[in-house]
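Before any comments, here is the structure.
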Amino acid sequence: MPPEPKPGTKVHKKTAYQPMTEPQWLVRFVFLETVAGIPGAVAGGLRHLHSIRRFKLDQGWIKTLLEESYNERMHLLTFLEMYKPGRLMRLMVFATQGIFYNTMFVGYLLSPSFCHRLVGYLEDEAVGTYTKCLDEMDKGRLPQWTDPNFKIPDIAVKYWRMPEGKQTMRDLILYIRADEASHRGVNHTLGNLDQVSDPNPFIEEHSNVSHMHLAAIKPAGLEREEVLEKYSR
């Protein structure tokens, strides 16, 4: 048997693991997505102004960045159908957006490649968050979401065109996690490129499904040589 602690010695008791409930996960998701929609909007807006100012094309970057921001906003709108934030939450979001938006604005002016790299790492954390949620669901710790009668918002079904029989909460998290994985690969790829002269390999007219899929499954993104080789063909 272990010896008894001496009088006056602090004993640190191990606390039992307390899984997060469905409302707690929704709070986390809502706050995460209110921040996640900022980088694409900032980068796309600055590149738009830069293109106008220089009277030159942007090599297709603007469209992808704004679509990324729109996609993150759709994640948020989906979760808002299941959770209505109170005044404190709204105040926290307002303050966080103000700080993060202005930080990204200045950061993107100084070093776009660093910002894309940072966003890639943040998206990797988002992938980890949704993966943990799926693990909790698989372990039966989120019974409300695994209930066969639970229905996800219609906005999600329409946006992702989810087929019949694939409209559960687990399916929704899988769709969102796939989006985050794609954003991760895209931003790491953009961080690898020359920020002025290199083309965006993810614009519709120049890309294909396999190319986008490669960005989603390759966490570090595409190397610059891969992108330039594709455009040299």
* Asked: In the stretch 125-152, what residues are in a loop (DSSP other than H, G, I, E, B) and either in contact with a strand residue (DSSP E or B) (Cβ under 6 Å, 6 or more places away or on another chain) or under 30 Å from residue 187 (Cα atoms) (or both)?
  -> 152
* **Count of residues meeting criterion [at positive phi and surrounded by 13 or more Cβ atoms within 10 Å (Cβ to Cβ)] in the stretch 124-161** => 0
* Structure fact -> By my count, helices (runs of 4 or more DSSP H) wholly in the stretch 13-123 with at least 3 residues that are surrounded by 14 or more Cβ atoms within 10 Å (Cβ to Cβ) and in contact with an Asp or Glu (Cβ under 6 Å, 6 or more places away or on another chain) are 38-54, 61-80
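Okay, residues lined up against (1) more than 21 Å from residue 176 (Cβ to Cβ); (2) under 15 Å from the mean Cα position of the chain (by Cα):
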{"residue": "52", "(1), (2)": "yes, no"}
{"residue": "65", "(1), (2)": "no, yes"}
{"residue": "71", "(1), (2)": "no, yes"}
{"residue": "75", "(1), (2)": "no, yes"}
{"residue": "81", "(1), (2)": "no, no"}
* Hey, could you check the stretch 166-198 for residues that are part of a helix (DSSP H, G or I) and among the charged types (D, E, K, R) and say which is nearest to residue 111 (Cα to Cα)? => 184
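No lab work stands behind these numbers, since they all come straight from the coordinates. This structure is a prediction, so every number in the text was calculated from the model and none was measured. Glycine gets a Cβ as well: all are built from the backbone with ideal geometry, and neighbour counts include every protein chain shown.
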